[in-house]
Amino acid sequence: MPLPRWIAVGAPAVLVSLSLLSGPLTGPAETEVRAEGTITTGSAPSPALGEEIAYNVYVPAGYERGADRHPVLYLLHGRGDTMQAWTRVKTVLDDMIAAKRIPPVIAVMPDAPWSERGSWYVDSRYTGDGSPGRPVETALTRDLVAHVDATYRTAPIRQARLVGGYSMGGAGALRFALAHQDLFGAAAVLSPAVYTPLPPSDSSARDHGAFGDGDDTFSDGVYRDLNYPALLPELDPDLPVRLFVAVGDDEYANPDPADARHDLDFESAALYNAARRSPAISAQLRVLDGGHDWTVWTPAFEQAMSDLGPGLSVTPPAGLPAPLHGTEATDWAGGVAAHADGSLTIGYAAGGPVNGQEHQGRLDAVVTRTGGWTRQFGTEADERLYGVAALPDGGVLAAGYTKGDLDGKHAGNAADDAFVARLDAAGDIRWITQFGAPDAADRLYGLTAAPDGGAYVTGYTRGALDGPNQGDKDAILARLTSAGELTWVRQYGGPGEDKAYGVAVSGSALHVAGSATAAMPGTTPLGGLDAWIAAYTADGARTWAATAGGAGDDRFTAVAVTTTGLAVATGASDGDALTVAYTGRGKQRWTHTLATPSADEGAAVAALPGGEVEVVGYTRGLAGVQAGGADVLSLRLDARGGQLAAAQFGTARDDAVDPFAEANLYATATPSGQVAVTGLTYGAVGDAPGNGDVFLATVDPATGLPG
């Protein structure tokens, strides 16, 4: 049975399978000996405390013989317990590392004896008699972390640190993750003793001075200042925190009706629902069978590590290059083209003026040549670009839709019309062709240059451009000459909603790809939303069509033709990134799927030498080093669909996907062998113009990362 094999985060691949070879036994069966980690004790000097911090430390098997750096877990014990408490998870760590479910980690388990083992992991302001408070939070987050990074082979970055705890330690882990986002990227918060707005009357949080002030062992104001409701509004979304909350369904039930709200199952649910609304947090909640003990915390720790552990990385995530393109308003990516001289042209829709040019209204079309010119054009209505294509003379084609009179021949237009524009090498507009059905929506989503300098475009119509409309929307394919004349339109659809998103040309063959909600002519419906691909001759005669995917929702969003003549379409199948290659006769040659527990989708495909392709899309899962939110996904596939590399990059916020969960990303191969990628980002990069801007990156196919 295949076993998952861990690939170090930051390597080109994500997860592959390592199959066990089997054969006849030639001798007595041997018992496999599992390598185990070791636990030793240590101490860290703490200037904040003026004394040593004792701790247990787990190091993975082979640590002494290796040279690799490792992520670190900081595990905080509960009130009254000691650093011995967390040693019971050694077996869990050994098993998960051996099974490649998590990377080899170091686990540091500090002792917290202060305030009669009720420090709550905060800096106490209590100065009363008996057991005055101590700066425990400062000691552990500053002194202990610095000591561990200096003593063990760690990576001093937040992506390599996870803090966890149970009960009082759960409250401490939550506090550390939220108050020290620069240190910790993830937190496992088990049965957390977090009470809002104040602890119940019988809570030990009131007894030992952790939340005291002066001679008072407890202060309402101090507690509120240190608790998570005060921290959440101040979090930095550019330092995302992954939070795993778990609690038992048989936690202590307070008999006092006034304090029943403080039962930990209630409090954990309240924490989760508050945290998940923060743009800086991605949160999970689990309710397990059991009470306030290790019957819950052991399996909860394993589940937390299954969720958070694979995202630990000793390599920081790759970001987006500056500068971004756009305005202070919302902007949308609209295509990228590569030219023979090495320059790039991007298209986008802008909600304001760009480079001092006049803003016509709402969204304008913008075309920008790197190191050169910018051309902004539009009407008082919306214009969106959905593709740009390079021409041999250095000019560029751009296509999309307009709600206005863009070409000066559609006065009074109030519905979406398709348009194609041609700009010369200096950025001057040579022609604009606007077309569509009167009083019906028509949009273009795909564009490729024709051999004669004209264009093939694809999208959809709600009207009748080539015979009667077959349903809600029909896919369209159209041909324009180099002078902008519309020579023909082909309408293709069934009784449902049909859209075409991508078009590619190779010699005399055209390939179009999209989605359909019902059977398309010549195809077999698979259920839900179907991905489809169709082939046409140069004069618009359809030669074959096929569907792909399964019973769920599937779609193709882009298509390209490889150097070996295969039509490769990419998109999504039931939440996974799907890429399928077809022969010239419509037979599937190979299929590749990248699946994480979260949403993944291919959005563009670029042909590389030797029949290879680079698929670019987005992922909310783990395909490399996670940056946060939705990241740009890059996949390099060989001529047979084998995965050569996988990576992700981006900002802490959503990249490559819009608020409607639709990919907003384009890619093309460059003459230098790289892949140019442009897309939407909501992240902060340099002096970003505003919320929702456009990035441009060149990706090295060997690594899948920006060069």
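Summary of computed values
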quantity	calculated
Under 5 Å, built H, 5+ apart or other chain: amide partners of ASP263	ASN254
Separation in nanometres of the label points that stand 7 Å from Cα toward Cβ, at ALA414 and ASP452	3.8
Stretch gain in nm, segment ASP424-THR698, where the contour uses 0.36 nm per residue and the Cα spacing is subtracted	96.3 nm
Cα point-scatterer Debye curve for the range 67-146, base-10 log of I(q)/I(0) at q = 0.16, 0.18, 0.27 Å⁻¹	-0.69, -0.81, -1.27
Surface share of carbon and sulfur [accessible, 1.4 angstrom probe, percent] for the range 48-93	43
The chain, accessible area per residue, ligands and nucleic acids excluded (1.4 Å, Å²)	38
Per-bin percent of Cα-Cα distances, the range 397-451 [10 Å]	25, 50, 22, 2
Protection-proxy order for peptides 254-262, 77-85, each taking the mean of Cβ atoms within 10 Å per residue, highest first	77-85, 254-262
Mean-position separation - Cα centroids, the range 261-297 and the range 653-707, in angstrom	35
Label-zone membership for the range 578-593, site THR543, 7 angstrom Cα→C-beta point, backbone N under 20 Å	580-590
D_trans [Stokes-Einstein, Kirkwood Rh over alpha-carbon pairs] for the range 594-707, 25 °C, 0.890 mPa s, µm² s⁻¹	177
DSSP H segments from the chain that extend 15 Å or more along their own axis, Cα-based, with Kyte-Doolittle mean of 1.0 or above	168-179
Rounded percent of accessible protein surface that carbon and sulfur make up, the range 465-578, 1.4 Å probe	49
Sequence ranges 52-59, 581-588, ranked by mean other-Cβ count within 10 angstrom, highest first	52-59, 581-588
Within the chain, helix-based [θ] at 222 nm, where runs of 4 or more DSSP H residues each add -39,500 (n - 2.57), nearest 500	-3000 deg cm²/dmol
Ordering of 360-371, 88-99 by packing [mean C-beta count within 10 Å, highest first]	360-371, 88-99
Relative contact order %, the range 236-302, counting alpha carbon pairs below 8 Å whose residues are six or more apart	46
Cα-based shape type of the range 153-240, given that a ≥ b ≥ c are square roots of the gyration tensor eigenvalues and the cut on a/c is 1.5	prolate
For the range 468-577: rounded, prolate or oblate by the Cα gyration tensor [a/c cutoff 1.5]	oblate
Residue-by-residue Karplus 3J(HN,Hα) for the range 451-466, coefficients 6.51, -1.76, 1.60, Hz, glycine and proline x	x, 8, x, x, 9, 10, 10, 9, x, 8, 9, 8, x, 10, 9, 8
The range 72-177: relative contact order as a whole-number percent, Cα under 8 Å and 6+ apart	38
Relative contact order computed over the chain (Cα-Cα under 8 Å; 6+ residues apart), in percent	9
Accessible surface of the range 640-707, 1.4 Å probe, proportion on carbon and sulfur as whole %	49
Global form of the range 512-611, assessed from the alpha-carbon gyration tensor, a/c cut-off 1.5	oblate
HN-Hα J in Hz across the range 64-71 - Karplus 6.51, -1.76, 1.60, θ = phi - 60°, x for Gly and Pro	5, 8, x, 10, 6, 8, 10, x
Residue (of THR196, TRP120, ALA269) at the positive-pole extreme of the chain, dipole from beta-carbon charges	ALA269
The range 319-423 - Kirkwood radius from inverse mean 1/r over Cα pairs (Å)	13.9
Nonlocal amide H pairs with MET83, under 5 Å, H built at 1.01 Å	ALA112
Rounded to the nearest 20 debye, dipole of the chain from Cβ charges on Lys, Arg, Asp, Glu	2060
Value of Rg to Rh for the range 44-190 (Rh from inverse mean 1/r over Cα pairs, i.e. Kirkwood)	0.97
C-alpha center-to-center spacing [the range 472-546, the range 132-207] in angstrom	56
For ALA603, residues with placed amide H under 5 Å, excluding near neighbours	VAL616, GLY617, TYR618
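The values are calculated or read from the model by the stated rules, or taken from the named source; none is laboratory data. Quick caveat: nothing in here was measured; it's all calculated off a predicted structure. Don't worry about glycine lacking a Cβ; one is built from the backbone with ideal geometry, like all the others, and counts go over all protein chains shown. Just the protein is used for accessible areas: all its heavy atoms, side chains included, with ligands, DNA and RNA removed. Shrake-Rupley method; radii C 1.70, N 1.55, O 1.52, S 1.80 Å.
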